[in-house]
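The values are calculated or read from the model by the stated rules, or taken from the named source; none is laboratory data. Owing to the predicted nature of the structure, the values given are computational and were not obtained by experimental measurement. A quick note on method: Cβ atoms are made from the backbone with ideal geometry, for glycine too, and the neighbour counts reach across all protein chains shown. Accessible surface areas use protein heavy atoms only, side chains included; no ligands, DNA or RNA. Shrake-Rupley method; radii C 1.70, N 1.55, O 1.52, S 1.80 Å.
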Amino acid sequence: MEELISAISTPYGTGGVAIVRVSGDGALKLAAQMFTPSGKVGVEQFTPNVMYTGYIQCEGFADFGMCVYFAPPKSFTGGEVVEFHCHGGAQISRAVLARTRELGARVAERGEFTKRAFIAGKLSLSSAEGMVSMINAESLAQLRAGSLLYGEKLNADVTAVRSRLTDLLASIAADTDYPEEGIEKDELADVAGTLNAINAEITKLVQEYSVGKLIKSGVLVAICGEPNVGKSSLLNAFLGYDKAIVSSIAGTTRDAVEGAIMINDVKFHLTDTAGIRHTAGEVESIGIEKAKQILKSADIVLCLSDRGEFSAAGGIENDRLIKIFSKADEVTPFGNFDIAVSSKTGEGLESLKEMIVKKSLGGKSLDSAYVIEERHYECLKRASGWLTEAEQNSASYPPDVIAMDIKEAWSALGEITGDTANEEIINTVFAKFCVGK
Ligand code: GDP
(Lines give C-alpha, C1' and ligand atoms only; values in the text may rest on other atoms or scores of the structure.)
Protein backbone atom coordinates (compact mmCIF):
# COMPACT_ATOMS: atom_id res chain seq x y z
CA MET A 1 0.00 0.00 0.00
CA GLU A 2 1.58 3.26 -1.13
CA GLU A 3 0.45 6.30 0.85
CA LEU A 4 -1.12 9.20 -1.03
CA ILE A 5 1.14 12.25 -1.09
CA SER A 6 0.72 15.63 -2.78
CA ALA A 7 2.74 18.78 -3.42
CA ILE A 8 2.98 21.81 -5.69
CA SER A 9 5.66 20.81 -8.20
CA THR A 10 6.18 24.22 -9.81
CA PRO A 11 7.97 27.15 -8.14
CA TYR A 12 5.84 28.84 -5.53
CA GLY A 13 4.44 32.18 -6.69
CA THR A 14 2.78 33.55 -9.81
CA GLY A 15 3.24 32.13 -13.29
CA GLY A 16 1.34 30.93 -16.33
CA VAL A 17 0.67 27.45 -15.04
CA ALA A 18 1.18 25.60 -11.75
CA ILE A 19 1.24 21.85 -11.30
CA VAL A 20 -0.03 20.00 -8.27
CA ARG A 21 1.13 16.41 -8.20
CA VAL A 22 -0.46 13.53 -6.34
CA SER A 23 1.04 10.05 -6.04
CA GLY A 24 0.05 6.83 -4.33
CA ASP A 25 -2.70 4.25 -4.27
CA GLY A 26 -6.04 5.90 -4.94
CA ALA A 27 -4.64 8.95 -6.76
CA LEU A 28 -7.06 8.49 -9.65
CA LYS A 29 -9.98 8.06 -7.23
CA LEU A 30 -8.92 11.28 -5.53
CA ALA A 31 -8.89 13.04 -8.91
CA ALA A 32 -12.40 11.77 -9.64
CA GLN A 33 -13.60 13.56 -6.49
CA MET A 34 -12.16 16.95 -7.43
CA PHE A 35 -12.01 17.11 -11.23
CA THR A 36 -15.01 17.58 -13.52
CA PRO A 37 -13.94 16.79 -17.10
CA SER A 38 -15.36 18.91 -19.94
CA GLY A 39 -15.76 15.86 -22.17
CA LYS A 40 -17.72 12.68 -21.82
CA VAL A 41 -14.92 10.53 -20.41
CA GLY A 42 -15.12 10.15 -16.63
CA VAL A 43 -11.93 10.55 -14.61
CA GLU A 44 -11.74 6.87 -13.71
CA GLN A 45 -11.83 6.04 -17.44
CA PHE A 46 -9.01 8.46 -18.31
CA THR A 47 -6.47 7.08 -20.77
CA PRO A 48 -3.06 7.31 -19.08
CA ASN A 49 -0.68 10.04 -20.24
CA VAL A 50 -3.46 12.06 -21.88
CA MET A 51 -4.38 15.57 -20.78
CA TYR A 52 -8.06 16.25 -20.12
CA THR A 53 -9.56 19.70 -19.69
CA GLY A 54 -12.12 20.44 -17.04
CA TYR A 55 -12.81 22.13 -13.75
CA ILE A 56 -10.57 21.58 -10.75
CA GLN A 57 -12.99 21.88 -7.85
CA CYS A 58 -11.60 23.59 -4.79
CA GLU A 59 -13.10 24.97 -1.59
CA GLY A 60 -15.23 27.97 -2.68
CA PHE A 61 -14.19 28.10 -6.35
CA ALA A 62 -13.25 26.05 -9.39
CA ASP A 63 -10.34 26.64 -11.77
CA PHE A 64 -10.54 25.63 -15.40
CA GLY A 65 -7.44 23.57 -16.06
CA MET A 66 -6.20 20.15 -16.95
CA CYS A 67 -5.73 16.77 -15.36
CA VAL A 68 -3.49 13.91 -16.43
CA TYR A 69 -3.19 10.38 -15.08
CA PHE A 70 -0.01 8.30 -15.20
CA ALA A 71 -0.69 4.62 -14.57
CA PRO A 72 1.67 2.28 -12.75
CA PRO A 73 4.25 1.05 -13.45
CA LYS A 74 5.03 3.51 -16.26
CA SER A 75 4.65 6.65 -14.17
CA PHE A 76 7.52 8.75 -12.76
CA THR A 77 7.21 7.20 -9.29
CA GLY A 78 6.18 3.77 -10.52
CA GLY A 79 2.87 4.12 -8.68
CA GLU A 80 -0.38 5.93 -9.50
CA VAL A 81 0.28 9.58 -10.31
CA VAL A 82 -2.16 12.38 -11.09
CA GLU A 83 -1.27 15.95 -11.98
CA PHE A 84 -3.53 18.97 -11.90
CA HIS A 85 -2.42 21.81 -14.15
CA CYS A 86 -4.08 24.95 -12.84
CA HIS A 87 -3.48 28.67 -13.39
CA GLY A 88 -0.22 29.75 -11.82
CA GLY A 89 -1.42 31.96 -8.98
CA ALA A 90 -0.04 31.28 -5.52
CA GLN A 91 -3.56 31.17 -4.03
CA ILE A 92 -4.88 28.94 -6.81
CA SER A 93 -2.20 26.25 -6.49
CA ARG A 94 -2.47 26.43 -2.72
CA ALA A 95 -6.25 25.87 -2.92
CA VAL A 96 -5.81 22.91 -5.28
CA LEU A 97 -3.24 21.47 -2.91
CA ALA A 98 -5.54 22.03 0.08
CA ARG A 99 -8.29 20.11 -1.72
CA THR A 100 -5.97 17.11 -2.25
CA ARG A 101 -5.26 17.21 1.49
CA GLU A 102 -8.95 17.20 2.33
CA LEU A 103 -9.29 14.14 0.16
CA GLY A 104 -6.62 12.25 2.07
CA ALA A 105 -3.22 13.06 0.57
CA ARG A 106 -0.51 13.96 3.04
CA VAL A 107 2.29 16.51 2.58
CA ALA A 108 5.05 15.07 0.41
CA GLU A 109 8.52 15.22 1.90
CA ARG A 110 11.39 16.77 -0.01
CA GLY A 111 12.17 14.64 -3.06
CA GLU A 112 9.62 12.02 -2.05
CA PHE A 113 8.30 11.50 -5.59
CA THR A 114 11.85 10.86 -6.85
CA LYS A 115 12.62 8.70 -3.82
CA ARG A 116 9.68 6.51 -4.80
CA ALA A 117 11.02 6.40 -8.36
CA PHE A 118 14.40 5.31 -6.99
CA ILE A 119 12.82 2.62 -4.80
CA ALA A 120 10.82 1.42 -7.80
CA GLY A 121 14.11 1.04 -9.70
CA LYS A 122 13.35 3.80 -12.19
CA LEU A 123 16.66 5.56 -11.72
CA SER A 124 19.87 5.16 -9.71
CA LEU A 125 20.73 7.27 -6.70
CA SER A 126 23.47 9.02 -8.69
CA SER A 127 21.00 9.77 -11.48
CA ALA A 128 18.65 11.39 -8.94
CA GLU A 129 21.58 13.52 -7.76
CA GLY A 130 22.30 14.48 -11.37
CA MET A 131 18.73 15.66 -11.67
CA VAL A 132 19.14 17.96 -8.64
CA SER A 133 22.40 19.25 -10.06
CA MET A 134 20.63 20.09 -13.32
CA ILE A 135 17.80 21.85 -11.47
CA ASN A 136 20.24 23.88 -9.38
CA ALA A 137 22.73 24.53 -12.20
CA GLU A 138 24.14 28.03 -12.27
CA SER A 139 26.27 27.45 -15.35
CA LEU A 140 25.98 25.55 -18.61
CA ALA A 141 28.96 23.39 -17.61
CA GLN A 142 27.17 22.33 -14.42
CA LEU A 143 24.02 21.65 -16.38
CA ARG A 144 25.92 19.47 -18.86
CA ALA A 145 27.71 17.54 -16.12
CA GLY A 146 24.43 17.12 -14.24
CA SER A 147 22.70 15.80 -17.33
CA LEU A 148 25.45 13.20 -17.90
CA LEU A 149 25.02 12.08 -14.31
CA TYR A 150 21.24 12.06 -14.70
CA GLY A 151 21.66 10.04 -17.88
CA GLU A 152 23.28 7.26 -15.80
CA LYS A 153 26.81 7.73 -17.19
CA LEU A 154 28.45 7.29 -13.80
CA ASN A 155 26.03 4.52 -12.91
CA ALA A 156 27.06 2.64 -16.08
CA ASP A 157 30.78 3.02 -15.36
CA VAL A 158 30.44 2.06 -11.71
CA THR A 159 28.16 -0.88 -12.50
CA ALA A 160 30.70 -2.18 -15.03
CA VAL A 161 33.48 -2.00 -12.43
CA ARG A 162 31.29 -3.68 -9.84
CA SER A 163 30.47 -6.51 -12.18
CA ARG A 164 34.20 -7.11 -12.76
CA LEU A 165 34.64 -7.25 -8.98
CA THR A 166 31.73 -9.70 -8.77
CA ASP A 167 33.45 -11.97 -11.32
CA LEU A 168 36.68 -11.79 -9.36
CA LEU A 169 34.88 -12.61 -6.10
CA ALA A 170 33.17 -15.56 -7.80
CA SER A 171 36.46 -17.02 -8.97
CA ILE A 172 37.99 -16.56 -5.52
CA ALA A 173 34.92 -18.17 -3.92
CA ALA A 174 35.17 -21.10 -6.34
CA ASP A 175 38.77 -21.60 -5.26
CA THR A 176 37.84 -21.48 -1.56
CA ASP A 177 34.99 -23.95 -2.07
CA TYR A 178 37.01 -26.35 -4.23
CA PRO A 179 40.54 -25.93 -2.87
CA GLU A 180 41.70 -29.17 -4.48
CA GLU A 181 41.61 -27.31 -7.79
CA GLY A 182 43.73 -24.65 -6.03
CA ILE A 183 44.65 -21.20 -7.31
CA GLU A 184 48.06 -21.43 -8.84
CA LYS A 185 50.74 -18.85 -8.09
CA ASP A 186 50.41 -17.22 -11.50
CA GLU A 187 46.65 -17.00 -11.11
CA LEU A 188 47.25 -15.11 -7.88
CA ALA A 189 49.41 -12.72 -9.81
CA ASP A 190 46.48 -12.38 -12.15
CA VAL A 191 44.22 -11.41 -9.22
CA ALA A 192 46.70 -8.66 -8.35
CA GLY A 193 46.85 -7.59 -11.99
CA THR A 194 43.06 -7.51 -12.31
CA LEU A 195 42.76 -5.52 -9.09
CA ASN A 196 45.35 -3.09 -10.38
CA ALA A 197 43.53 -2.60 -13.67
CA ILE A 198 40.17 -2.06 -11.97
CA ASN A 199 41.71 0.34 -9.50
CA ALA A 200 43.22 2.36 -12.35
CA GLU A 201 39.72 2.91 -13.74
CA ILE A 202 38.43 4.05 -10.37
CA THR A 203 41.44 6.34 -9.93
CA LYS A 204 40.60 8.00 -13.25
CA LEU A 205 37.15 8.83 -11.90
CA VAL A 206 38.61 10.02 -8.58
CA GLN A 207 40.89 12.41 -10.45
CA GLU A 208 38.04 13.73 -12.51
CA TYR A 209 36.52 15.22 -9.37
CA SER A 210 39.22 17.91 -9.19
CA VAL A 211 37.57 19.46 -12.26
CA GLY A 212 34.08 18.18 -11.42
CA LYS A 213 33.87 20.07 -8.15
CA LEU A 214 34.88 23.30 -9.88
CA ILE A 215 32.21 22.73 -12.51
CA LYS A 216 29.60 22.15 -9.82
CA SER A 217 30.48 24.86 -7.31
CA GLY A 218 32.37 27.30 -9.50
CA VAL A 219 36.00 28.36 -9.31
CA LEU A 220 37.03 30.62 -6.42
CA VAL A 221 39.29 33.37 -7.67
CA ALA A 222 40.81 35.74 -5.12
CA ILE A 223 42.35 39.05 -6.12
CA CYS A 224 45.14 40.24 -3.85
CA GLY A 225 47.97 42.75 -3.76
CA GLU A 226 49.13 45.83 -1.92
CA PRO A 227 46.70 48.74 -1.55
CA ASN A 228 46.08 50.86 -4.66
CA VAL A 229 47.47 48.45 -7.23
CA GLY A 230 44.12 48.24 -9.07
CA LYS A 231 42.39 45.22 -7.48
CA SER A 232 38.93 46.79 -7.31
CA SER A 233 39.33 48.12 -10.84
CA LEU A 234 40.14 44.64 -12.11
CA LEU A 235 37.08 43.17 -10.38
CA ASN A 236 34.89 45.88 -11.90
CA ALA A 237 36.44 45.38 -15.34
CA PHE A 238 35.67 41.65 -15.16
CA LEU A 239 32.12 42.21 -13.96
CA GLY A 240 31.43 44.94 -16.48
CA TYR A 241 30.00 47.25 -13.82
CA ASP A 242 31.26 49.04 -10.72
CA LYS A 243 30.82 46.73 -7.78
CA ALA A 244 33.89 47.61 -5.75
CA ILE A 245 34.86 51.11 -4.73
CA VAL A 246 37.77 52.43 -6.76
CA SER A 247 39.78 55.13 -5.05
CA SER A 248 43.29 56.42 -5.04
CA ILE A 249 43.18 56.43 -1.24
CA ALA A 250 44.94 53.32 0.02
CA GLY A 251 42.96 50.95 2.24
CA THR A 252 39.48 51.65 0.81
CA THR A 253 38.55 47.99 0.39
CA ARG A 254 38.44 46.73 3.95
CA ASP A 255 36.02 43.89 3.43
CA ALA A 256 35.96 41.31 0.68
CA VAL A 257 33.86 42.32 -2.35
CA GLU A 258 32.47 39.54 -4.49
CA GLY A 259 31.03 39.00 -7.93
CA ALA A 260 30.66 36.15 -10.41
CA ILE A 261 31.38 35.83 -14.11
CA MET A 262 31.05 33.05 -16.67
CA ILE A 263 34.08 32.04 -18.69
CA ASN A 264 33.67 29.12 -21.12
CA ASP A 265 30.31 28.32 -19.50
CA VAL A 266 31.93 27.79 -16.08
CA LYS A 267 31.14 30.03 -13.12
CA PHE A 268 34.03 31.93 -11.55
CA HIS A 269 33.47 33.56 -8.17
CA LEU A 270 35.72 36.60 -7.89
CA THR A 271 36.67 38.08 -4.54
CA ASP A 272 38.45 41.39 -4.22
CA THR A 273 40.33 41.34 -0.93
CA ALA A 274 41.62 44.13 1.26
CA GLY A 275 45.03 45.34 0.18
CA ILE A 276 47.73 43.65 2.20
CA ARG A 277 50.14 46.08 3.87
CA HIS A 278 51.90 46.26 7.20
CA THR A 279 50.94 49.74 8.40
CA ALA A 280 47.22 49.19 8.64
CA GLY A 281 44.70 50.45 11.20
CA GLU A 282 42.51 48.14 13.28
CA VAL A 283 39.56 47.82 10.85
CA GLU A 284 41.89 47.39 7.92
CA SER A 285 43.87 44.74 9.83
CA ILE A 286 40.70 42.65 10.28
CA GLY A 287 40.19 42.94 6.52
CA ILE A 288 43.77 41.84 5.88
CA GLU A 289 43.36 38.81 8.16
CA LYS A 290 40.20 37.89 6.27
CA ALA A 291 42.03 38.37 2.98
CA LYS A 292 44.69 35.88 4.04
CA GLN A 293 42.00 33.31 4.86
CA ILE A 294 40.38 33.81 1.45
CA LEU A 295 43.73 33.37 -0.30
CA LYS A 296 44.25 30.10 1.54
CA SER A 297 41.02 28.58 0.27
CA ALA A 298 40.97 30.09 -3.24
CA ASP A 299 41.37 27.88 -6.30
CA ILE A 300 43.18 30.67 -8.12
CA VAL A 301 44.95 33.72 -6.69
CA LEU A 302 45.45 36.77 -8.84
CA CYS A 303 48.22 38.87 -7.34
CA LEU A 304 48.47 42.41 -8.67
CA SER A 305 51.36 44.80 -8.60
CA ASP A 306 52.19 47.98 -10.48
CA ARG A 307 55.88 47.67 -9.61
CA GLY A 308 56.64 43.98 -10.19
CA GLU A 309 56.56 43.12 -6.50
CA PHE A 310 54.34 40.17 -5.54
CA SER A 311 55.07 39.46 -1.89
CA ALA A 312 51.34 39.86 -1.04
CA ALA A 313 50.94 36.34 -2.47
CA GLY A 314 53.70 34.98 -0.24
CA GLY A 315 53.19 31.27 0.40
CA ILE A 316 50.71 30.73 -2.45
CA GLU A 317 51.73 27.74 -4.58
CA ASN A 318 52.63 28.44 -8.20
CA ASP A 319 49.98 26.16 -9.62
CA ARG A 320 47.22 28.45 -8.36
CA LEU A 321 48.96 31.80 -8.64
CA ILE A 322 48.92 34.32 -11.49
CA LYS A 323 51.18 37.36 -11.12
CA ILE A 324 49.67 40.34 -12.84
CA PHE A 325 51.51 43.54 -13.67
CA SER A 326 48.70 46.09 -13.37
CA LYS A 327 48.13 49.54 -14.89
CA ALA A 328 50.05 48.44 -17.98
CA ASP A 329 48.74 51.51 -19.82
CA GLU A 330 50.67 53.75 -17.44
CA VAL A 331 53.87 51.86 -16.70
CA THR A 332 55.98 49.70 -19.00
CA PRO A 333 55.88 46.36 -17.18
CA PHE A 334 59.12 45.05 -15.76
CA GLY A 335 60.31 42.28 -13.47
CA ASN A 336 58.98 38.77 -13.04
CA PHE A 337 55.27 38.53 -13.87
CA ASP A 338 52.88 36.25 -15.82
CA ILE A 339 50.75 38.81 -17.61
CA ALA A 340 50.40 42.57 -18.00
CA VAL A 341 46.91 44.02 -17.72
CA SER A 342 45.21 47.38 -17.83
CA SER A 343 41.72 47.57 -16.37
CA LYS A 344 41.49 51.05 -17.85
CA THR A 345 42.03 50.07 -21.52
CA GLY A 346 41.09 46.39 -21.24
CA GLU A 347 44.55 45.32 -22.42
CA GLY A 348 45.37 41.74 -21.41
CA LEU A 349 41.96 41.01 -19.88
CA GLU A 350 40.93 38.32 -22.39
CA SER A 351 44.33 36.60 -22.14
CA LEU A 352 44.01 36.75 -18.37
CA LYS A 353 40.64 34.98 -18.58
CA GLU A 354 42.20 32.25 -20.72
CA MET A 355 45.04 31.92 -18.24
CA ILE A 356 42.59 31.57 -15.32
CA VAL A 357 40.65 28.83 -17.15
CA LYS A 358 43.82 26.96 -18.07
CA LYS A 359 45.24 27.16 -14.59
CA SER A 360 42.05 26.11 -12.79
CA LEU A 361 40.64 23.50 -15.16
CA GLY A 362 43.99 22.35 -16.54
CA GLY A 363 42.80 22.39 -20.13
CA LYS A 364 40.60 19.37 -19.42
CA SER A 365 37.48 18.78 -21.49
CA LEU A 366 34.38 19.93 -19.69
CA ASP A 367 32.07 17.95 -21.96
CA SER A 368 32.89 14.59 -20.46
CA ALA A 369 33.25 15.36 -16.75
CA TYR A 370 30.53 13.93 -14.59
CA VAL A 371 32.04 13.13 -11.19
CA ILE A 372 30.79 16.33 -9.62
CA GLU A 373 29.39 15.13 -6.30
CA GLU A 374 31.54 14.98 -3.20
CA ARG A 375 29.57 11.94 -2.05
CA HIS A 376 30.54 10.02 -5.18
CA TYR A 377 34.15 11.15 -4.84
CA GLU A 378 34.32 9.89 -1.24
CA CYS A 379 32.85 6.50 -2.23
CA LEU A 380 35.28 6.16 -5.16
CA LYS A 381 38.23 7.04 -2.92
CA ARG A 382 37.12 4.51 -0.31
CA ALA A 383 36.71 1.81 -2.96
CA SER A 384 40.14 2.59 -4.38
CA GLY A 385 41.69 2.36 -0.90
CA TRP A 386 40.19 -1.11 -0.35
CA LEU A 387 41.41 -2.33 -3.74
CA THR A 388 44.92 -1.04 -3.08
CA GLU A 389 44.89 -2.96 0.17
CA ALA A 390 43.55 -6.08 -1.56
CA GLU A 391 46.28 -5.84 -4.17
CA GLN A 392 49.00 -5.47 -1.54
CA ASN A 393 47.58 -8.35 0.50
CA SER A 394 47.24 -10.65 -2.48
CA ALA A 395 50.88 -11.70 -2.26
CA SER A 396 50.84 -12.74 1.37
CA TYR A 397 47.25 -13.51 2.44
CA PRO A 398 44.89 -16.33 1.47
CA PRO A 399 42.29 -15.47 -1.20
CA ASP A 400 39.33 -15.37 1.22
CA VAL A 401 41.02 -12.54 3.15
CA ILE A 402 41.55 -10.59 -0.08
CA ALA A 403 37.91 -11.23 -0.92
CA MET A 404 36.86 -9.30 2.19
CA ASP A 405 38.68 -6.19 0.97
CA ILE A 406 37.21 -6.59 -2.48
CA LYS A 407 33.71 -6.84 -1.02
CA GLU A 408 34.27 -3.59 0.87
CA ALA A 409 35.22 -1.88 -2.41
CA TRP A 410 32.21 -3.42 -4.15
CA SER A 411 29.97 -2.15 -1.40
CA ALA A 412 31.47 1.37 -1.40
CA LEU A 413 30.81 1.62 -5.15
CA GLY A 414 27.27 0.40 -4.63
CA GLU A 415 26.62 3.40 -2.41
CA ILE A 416 27.07 5.60 -5.49
CA THR A 417 24.42 3.84 -7.52
CA GLY A 418 22.28 3.24 -4.44
CA ASP A 419 22.47 -0.58 -4.53
CA THR A 420 24.19 -0.80 -1.15
CA ALA A 421 23.17 2.62 0.23
CA ASN A 422 21.51 2.43 3.64
CA GLU A 423 18.43 4.37 4.71
CA GLU A 424 20.51 7.20 6.15
CA ILE A 425 22.45 7.78 2.92
CA ILE A 426 19.28 7.66 0.85
CA ASN A 427 17.47 10.11 3.14
CA THR A 428 20.44 12.51 3.08
CA VAL A 429 20.42 12.52 -0.71
CA PHE A 430 16.70 13.19 -1.01
CA ALA A 431 16.73 15.85 1.70
CA LYS A 432 18.59 18.04 -0.82
CA PHE A 433 15.63 17.96 -3.19
CA CYS A 434 12.81 20.45 -3.25
CA VAL A 435 9.27 19.57 -2.21
CA GLY A 436 7.25 18.42 -5.19
CA LYS A 437 10.19 16.80 -7.02
P1 GDP B 1 42.91 48.74 -5.11
O2 GDP B 1 43.11 49.55 -3.90
O3 GDP B 1 44.04 47.81 -5.32
O4 GDP B 1 41.58 48.09 -5.17
O5 GDP B 1 43.00 49.73 -6.37
P6 GDP B 1 41.83 50.52 -7.10
O7 GDP B 1 41.18 49.65 -8.09
O8 GDP B 1 40.96 51.20 -6.10
O9 GDP B 1 42.69 51.58 -7.90
C10 GDP B 1 43.59 52.46 -7.30
C11 GDP B 1 43.88 53.60 -8.25
O12 GDP B 1 44.53 53.10 -9.42
C13 GDP B 1 42.63 54.32 -8.75
O14 GDP B 1 42.91 55.69 -8.81
C15 GDP B 1 42.41 53.76 -10.13
O16 GDP B 1 41.76 54.64 -10.99
C17 GDP B 1 43.81 53.46 -10.58
N18 GDP B 1 43.85 52.34 -11.54
C19 GDP B 1 43.38 51.10 -11.34
N20 GDP B 1 43.59 50.33 -12.43
C21 GDP B 1 44.19 51.10 -13.35
C22 GDP B 1 44.66 50.88 -14.69
O23 GDP B 1 44.58 49.79 -15.28
N24 GDP B 1 45.27 51.92 -15.30
C25 GDP B 1 45.41 53.14 -14.70
N26 GDP B 1 46.02 54.10 -15.40
N27 GDP B 1 44.99 53.37 -13.45
C28 GDP B 1 44.38 52.40 -12.78
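Could you rank 93, 368 by how accessible they are, 1.4 Å probe, largest area first? Each step should come with its number before you reach the end.
Values: 93 5, 368 65 Å².
From most exposed to least exposed: 368, 93.
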Relative intensity, log₁₀ I(q)/I(0), of region 370-433 from a Debye sum that treats every alpha carbon as a point, q = 0.13, 0.15, 0.26, 0.29 Å⁻¹: -0.41, -0.52, -1.04, -1.16
Rounded to whole Hz, the Karplus (6.51, -1.76, 1.60) HN-Hα couplings of region 110-124, x for glycine and proline: 3, x, 5, 5, 5, 4, 5, 4, 5, 5, 7, x, 7, 8, 7
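For the pairs 267/364; 292/327; 122/153; 213/243, flag any whose C-alpha to C-alpha distance is greater than 18 Å. Write out the running numbers ahead of the final one.
Numbers: 267/364 16 Å; 292/327 24 Å; 122/153 15 Å; 213/243 27 Å.
From the list (267/364; 292/327; 122/153; 213/243), the Cα-Cα distance tops 18 Å for 292/327; 213/243.
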Rounded Å value of the spacing that divides the Cα centres of region 194-210 and region 305-343: 38
Fraction in percent of alpha-carbon pairs per bin - 10 Å, region 323-379: 21, 35, 19, 17, 9, 0
Euclidean distance between Cα centres, region 31-77 to region 397-437, Å: 39
Distance in nm between pseudo-label sites at residue 119 and residue 353 (7 Å out along the Cβ direction from Cα): 4.8
Highest-MSF residue in the chain out of 43, 219, 132 [GNM, Cα springs under 10 Å]: 43
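With the contact rule set at Cα under 8 Å and sequence spacing of 6 or more, what percent relative contact order holds for the chain? Walk me through the intermediate numbers first.
Values: 840 pairs, mean separation 74.2, N = 437.
Relative CO of the chain lands at 17 percent.
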Rounded to 5, percent antiparallel among DSSP beta bridges of the chain: 65
Under 19 Å from the Cα of residue 115 - lysines, other chains or at least 8 residues apart: 74, 432, 437
Reference-scaled alpha-carbon Rg (2.2 N^0.38 Å with N residues) for region 284-437: 1.61
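Quick one: plug the Kirkwood hydrodynamic radius of the chain (C-alpha pairs) into Stokes-Einstein at 4 °C, 1.567 mPa s, and report D in µm²/s.
Diffusion coefficient, whole number: 50 µm²/s.
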Whole-Hz ³J(HN,Hα) from phi, Karplus 6.51 cos²θ - 1.76 cosθ + 1.60, for region 382-387, glycine and proline x: 4, 4, 4, x, 5, 6
Within the chain: Cβ-based charge dipole about Cα centre, in debye rounded to nearest 20 (Lys, Arg +1; Asp, Glu -1): 1900
CD proxy at 222 nm, helix term only [per DSSP H run n ≥ 4: -39500 (n - 2.57); per residue of the chain; nearest 500]: -14500 deg cm²/dmol
